[in-house]
Number of protein chains: 2
Amino acid sequence: MQTLLLGADAVEDHATMPAVIDAVAAAFAADARENTIMPAKSYIDLPQYNGDFRSMPAYVNAETWDAAAVKWVNVHLDNPRDHDLPTVLGTLIYSDPETAFPLAVMDGTVLTRLRTGAAAAVATDHLAVADADSLGLVGAGTQAYTQLDAISAVRNIETVVVADRDTEKQQAFVDTFTDRFDVRAGSIEDAAGCDVLSTITPVESPIVDRKWLGERTHVNAIGADAAGKQEHSERTLLDAKLVIDNYEQCTHSGEINVPWGEGTLTDTDLHGELGDIVAGTLSGRTDDDGITLFDSTGLAIQDVAAAHVVYENASDDGDGTAFSLVDTETS
Amino acid sequence: MQTLLLGADAVEDHATMPAVIDAVAAAFAADARENTIMPAKSYIDLPQYNGDFRSMPAYVNAETWDAAAVKWVNVHLDNPRDHDLPTVLGTLIYSDPETAFPLAVMDGTVLTRLRTGAAAAVATDHLAVADADSLGLVGAGTQAYTQLDAISAVRNIETVVVADRDTEKQQAFVDTFTDRFDVRAGSIEDAAGCDVLSTITPVESPIVDRKWLGERTHVNAIGADAAGKQEHSERTLLDAKLVIDNYEQCTHSGEINVPWGEGTLTDTDLHGELGDIVAGTLSGRTDDDGITLFDSTGLAIQDVAAAHVVYENASDDGDGTAFSLVDTETS
């Protein structure tokens with residue numbers, strides 16, 4: 001028996017966005033139905049390298065498939081400057097839950113971007129106004145590209161406004177999408193007025209004012225991924241219909257972690273978890289809602305779902321490199 | 001940048017036992033000096049498949065090297081009968097701790113056997129009598145082979161007695177080693193009288209009587225790996241100089257877990273952890289000692305150490321398959 005090796009390009013090729021969105025939505029619904037197992041992330045902090053490793057195992061039993069995987073991922077802040085490597089590198093082992101055979105080992109870096117985009121699309125689908133046609137992006141890094149790909153799969157996006165302090169990155173983003181969208185560079189304020197806003201920055205203090213948001217803007221708050229980080233003003237968090245991906249992770253390291261830790265935002269301010277909305281036991285947007293905000297920290301079950309799509313598609317296409325990795329002799 | 005893929009044969013070829021024993025000893029010493037990070041194993045229990053997954057991440061800073069890895073391993077009891085696959089399958093991602101780049105992905109099944117053998121050798125080196133020349137083995141499965149390989153690297157073993165209910169397995173073991181050792185099939189009682197005894201069975205209730213052990217026998221108790229399992233009589237555990245690999249794991253699922261849970265064996269009955277002996281802060285065998293027993297549950301730091309040897313040796317030899325697994329573009 002062989003294990004399928006799938007590098008970054010293969011992951012990109014086979015993670016067709018509509019399928020990844022469907023799989024991630026199914027994983028969120030499975031989570032709400034308690035058909036997932038997701039131990040807390042294990043951290044290995046290495047201050048001597050200004051970095052850490054995270055081990056993210058999970059099992060998902062969606063209605064039509066089940067799968068298990070572990071993603072081994074890191075945040076090493078000095079990588080770009082000192083090693084010409086990305087801050088984040090990920091590797092994922094995807095296993096058959098029935099036998100534990102490792103069906104695939106794949107790039108987890110591109111995969112992470114894709115599943116993060118897909119989660120924002122799932123949230124947008126349930127929380128943005130039905131006729132949303134404009135998308136604002138704060139941050140023009142690689143995640144911005146995936147946000148646009150994913151969100152335009154669930155809403156008929158025509159206008160895109162991208163904000164970034166780095167005007168070169170900003171222009172590169174505009175150039176990439178100018179054939180497909182009415183896309184322009186703008187300020188954070190310009191971006192925030194769109195029907196949908198995704199914020200994907202590493203800032204530690206709020207940069208998006210409450211008053212810049214449109215009346216019924218849906219916000220995907222992606223950037224905050226560690227204790228102490230926050231992109232949006234506290235007023236926005238208090239005013240919004242506030243949906244989180246996971247209670248433990250969001251209160252610990254998501255967009256809400258700072259005001260929640262200070263007690264200015266409490267559990268009663270939370271509408272609930274995205275999974276319950278997908279599963280139909282909690283409302284999404286209603287006619288009465290103004291701004292909505294999805295706090296996305298990124299869950300191991302999203303990785304499992306995205307990896308499932310990649311593995312199935314690659315297998316069907318006969319793509320990837322088969323390798324005899326583990327000993328399967330019984331004795 | 002490419003990741004080195006190392007299948008089971010490559011792991012076997014490059015995990016030269018003396019080097020693995022040295023690396024595992026260094027990892028135990030590093031652990032005693034608090035130069036390791038080892039989050040608790042994460043379990044994913046899948047009763048519907050009579051199995052579970054375990055995620056085992058760790059970082060080791062030995063004096064001359066450091067490394068990080070995660071092993072993704074399982075126990076699926078129906079695998080041999082229903083799927084012609086081993087009960088345990090493992091895959092390991094080995095990473096540069098400075099950048100988190102995944103240097104290698106390797107088989108973790110053979111690796112687990114090797115590092116388990118190496119830990120028994122480290123314990124034997126510190127706890128068996130210096131002139132030990134006989135080794136008893138209870139259980140003639142694959143682990144028995146590695147126990148003999150490893151222990152004969154630290155003591156001048158001449159006589160080997162192997163016990164197993166399965167006489168075919170027992171004879172196969174004898175046949176394999178008959179050229180190198182005075183090896184014979186025997187009863188558990190015969191095996192227990194040797195200078196060193198390793199027990200590697202999946203039994204749940206004790207099968208080795210206290211009175212069968214030699215006066216100064218050193219025991220490596222390997223088999224118990226889950227709550228409720230025990231190979232040795234309680235009397236043995238109470239009489240022995242009792243050394244454990246890790247307090248949390250041993251009290252939860254090691255050889256001592258049952259009497260410890262019942263309160264008939266308490267913390268005062270424990271001599272201490274193997275790492276402290278290797279680090280020189282706790283005594284190994286002294287002239288006054290009778291029987292000694294090492295409770296081995298298997299630590300993630302052992303996997304890191306063994307993987308380090310495999311990766312370094314394979315790299316030096318230009319062996320393994322280089323593969324572009326993760327996206328290293330910075331943008």
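The values are calculated or read from the model by the stated rules, or taken from the named source; none is laboratory data. Remember, it's a predicted structure, so these values are computed and weren't measured experimentally. Cβ: placed from backbone, ideal geometry, glycine included. Neighbour counts: every protein chain shown. Heads up: the accessible areas ignore ligands, DNA and RNA and are worked out on the full protein's heavy atoms, side chains in. Shrake-Rupley method; radii C 1.70, N 1.55, O 1.52, S 1.80 Å.
Side notes on the structure shown:
- Shape category assigned to segment A:212-278 from the gyration tensor of Cα positions, a/c cut at 1.5: rounded
- Spin-label model, residue B:167/residue A:165: points 7 Å from Cα along the beta carbon direction are separated by 7.9 nm.
- Cα gyration tensor shape of segment A:29-175, rounded if a/c is under 1.5, else prolate or oblate by comparing a/b with b/c: oblate
- Part-to-part distance (alpha-carbon centres) for segment B:186-256 and segment A:133-159, which is given in Å: 61
- Derived scalar couplings ³J(HN,Hα) [segment A:210-227; Karplus, 6.51 cos²θ - 1.76 cosθ + 1.60; whole Hz; x for Gly, Pro]: 4, 6, 7, 6, x, 4, 10, 5, 9, 10, 9, 9, 9, x, 5, 9, 7, 3
- Under 13 Å from residue A:211, Cα to Cα: aspartates and glutamates that are on another chain or at least 8 residues apart: A:189, A:190, A:234, A:239
- Here the Karplus curve 6.51 cos²θ - 1.76 cosθ + 1.60, taken at θ = phi - 60°, turns the phi angles of segment B:60-69 into couplings of 10, 10, 7, 6, 10, 7, 9, 6, 10, 7 Hz, with x standing for Gly and Pro.
- Inter-centroid distance (Cα atoms) of segment B:45-73 relative to segment A:8-32, Å: 26
- Ligands, DNA and RNA aside, residue B:282 has an accessible area near 50 Å² when probed at 1.4 Å.
- All C-alpha pair distances within segment B:128-295, sorted into 10 Å bins from zero, spread as 11, 41, 36, 11, 1 percent across the bins.
- Proximal charge balance of residue B:189 [Cβ under 12 Å; K/R count +1, D/E count -1]: 0
- Cross-link pairs beyond the 21 Å C-alpha cut-off, checked among A:71/A:229; A:71/B:71; A:71/B:41; B:71/B:229; A:41/A:229; A:41/A:241: A:71/A:229; B:71/B:229; A:41/A:241
- For the chain pair A and B, buried accessible area totals roughly 4800 Å², probe 1.4 Å, rounded to the nearest 100.
- Ascending distances from the residue A:47 label point to its copies in the other chains, with the point 7 Å along the Cα-to-beta-carbon line: 4.3 nm.
- Accessible surface of residue A:234 - all protein chains present, 1.4 Å probe, nearest 10 Å²: 70
- Inter-copy label distances at residue A:65, shortest first and taken from points set 7 Å along Cα to Cβ: 3.8 nm.
- Of the accessible area of chain A, computed with a 1.4 Å probe over protein heavy atoms only, carbon and sulfur atoms account for 43 percent.
- Charge tally for residue B:138 (other residues, Cβ to Cβ under 9 Å; Lys, Arg +1; Asp, Glu -1): -2.
- Helices in chain A, meaning DSSP H runs of at least 4 residues, each add -39500 (n - 2.57). Divided by all residues, the mean residue ellipticity at 222 nm is -10000 deg cm²/dmol.
- Rounded if a/c under 1.5, otherwise prolate or oblate - the protein assembly as shown, Cα gyration tensor axes: prolate
- Using the Karplus relation 6.51 cos²θ - 1.76 cosθ + 1.60 with θ = phi - 60°, the per-residue 3J(HN,Hα) values for segment A:262-279 come to 7, x, 7, 10, 10, 4, 5, 7, 8, 6, x, 8, 4, x, 5, 5, 4, 6 Hz, with x marking Gly and Pro.
- Intensity falloff of chain B expressed as log10 I(q)/I(0), Debye formula with alpha-carbon point scatterers, at q = 0.08, 0.11, 0.12, 0.13 Å⁻¹: -0.35, -0.68, -0.81, -0.96
- Estimated translational D of segment A:45-97 in µm²/s (Stokes, Kirkwood radius over Cα pairs; 10 °C; 1.306 mPa s): 126
- Summary for residue B:158: label point 7 Å along Cα→Cβ; distances to the equivalent points in the other copies, ascending, 9.3 nm.
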